[in-house]
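Every read-out reported here was derived from the displayed coordinates using simple, explicitly stated rules and does not represent laboratory data. Note that the structure is a prediction, hence the values are computed from the model and not measured. Positions of Cβ are backbone-derived with ideal geometry, glycine not excepted, and every protein chain shown enters the neighbour counts.
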Amino acid sequence: MDGGGEGDARTQGTAERPARPRPAVRQPARRAGGGLVRPAGQSHQRARGRSPRGDPGGAAPVLERDRLDRPAPVPTPADLRRLALPPDADLAPNRPGETLLGELEHAPAGTRARHRLRQDLTAQQRIGDAFDALEPEGWRILHCVPLPGLGRIDHLLVGPPGIFCVRTVPGRRQRAVVGDLLLTVGRAEPRPDPRWIRRAAARATLALTAKVTPALAVVDASRVETAPTVRDIRILQPPTATPNLTSSPTTLKPPDVEALFAEARDARTWLETP
């Protein structure tokens, strides 16, 4: 009796246990009539060489012919000119006040000229850093652009509002007065900066065949006064230089900015200007 009960219990437990499902066997694909025939249930993604979602280990590499099908980017005229530019003719690496660094190194120590050079260098570096911060917004900046017969343009800005030719004036924490022809800082002798920057902008307009706006950057002045008749020169100061420039109306598209910058960074452009 006891043995029969145990046998019935084993038989009953075996009968109630669910049967295991048989694993599906993937049939290999075969070709029939020149085409690929996939068995029923096989994902079409594997036949194309891609793994289905949820199968991270089955990703297939990108075929080389897929890359060859993509058209290569066409270089713009600005790219071609930049690639053909000799390194010694490229003005883009110039830092603010680049030429003043050499003059300051050879100037006699303790002289008034050396002190003035240091003030000019500090002013150019400060306003130059403010201009360089405009590059993420689509601007292109050059420093120390040579102008034969006139000297050098401290900063040349090419951006959506246009081209600006900037001359830097150290304010020396004194009052600066900008007139039509002269600029006065404190009690020092008047400087012909307004007249000079107009001539430099006119030369730059001829060199780039585009309108260039003259600008004066007065750095570290206690107060800046501008004559009401000065309307063609943009007056800039470090705290307001960036919003002053970016708030101007847009006149150049990004391709135009790049093309003008590629021309301006070539030192030969300025050497050939009459």
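Brief remarks on what is shown
- Whichever residue in segment 108-137 is within 27 Å of Leu245 (Cβ to Cβ) and polar (S, T, N, Q) and, among such residues, is nearest to the chain's Cα centre (by Cα): Gln125
- Counting only strands (runs of 3 or more DSSP E) that sit wholly inside segment 106-174, those with at least 1 residues that are acidic (Asp, Glu) are 151-159.
- Selection within segment 185-231 - on the phi > 0 side of the Ramachandran plot and either basic (Lys, Arg) or more than 31 Å from the chain's Cα centre (by Cα) (or both): Gly186
- Residue in segment 146-195 that is surrounded by the most Cβ atoms within 10 Å (Cβ to Cβ), counting only those that are of a type in the set (Val, Ile, Thr) and in contact with a His (Cβ under 8 Å, 6 or more places away or on another chain): Val166
- A single entry from Val219, Val177 fulfils the requirement of being under 27 Å from Glu137 (Cβ atoms) and either of a type in the set (Lys, Arg) or in contact (Cβ under 8 Å) with a residue 40 or more places away in the chain (or both): Val219.
- Number of residues in segment 222-274 that are in contact (Cβ under 8 Å) with a residue 60 or more places away in the chain, under 17 Å from Ile141 (Cβ atoms) and not charged (D, E, K, R): the value is 18.
- When the residues of segment 254-269 are filtered to those that are charged (D, E, K, R) and under 16 Å from Val212 (Cα atoms), the one that is surrounded by the fewest Cβ atoms within 10 Å (Cβ to Cβ) is Asp256.
Results for (1) touching a strand residue (DSSP E or B) at 6+ places or on another chain (Cβ under 9 Å); (2) not aliphatic (A, V, I, L, M), shown as yes or no for each residue.
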site	(1), (2)
Leu182	yes, no
Ala188	no, no
Val212	yes, no
Leu252	yes, no
Glu258	yes, yes
Glu263	no, yes
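- Residue satisfying condition, being surrounded by fewer than 20 Cβ atoms within 10 Å (Cβ to Cβ) and in contact (Cβ under 8 Å) with a residue 12 or more places away in the chain, within set Gly128, Gly138: Gly138
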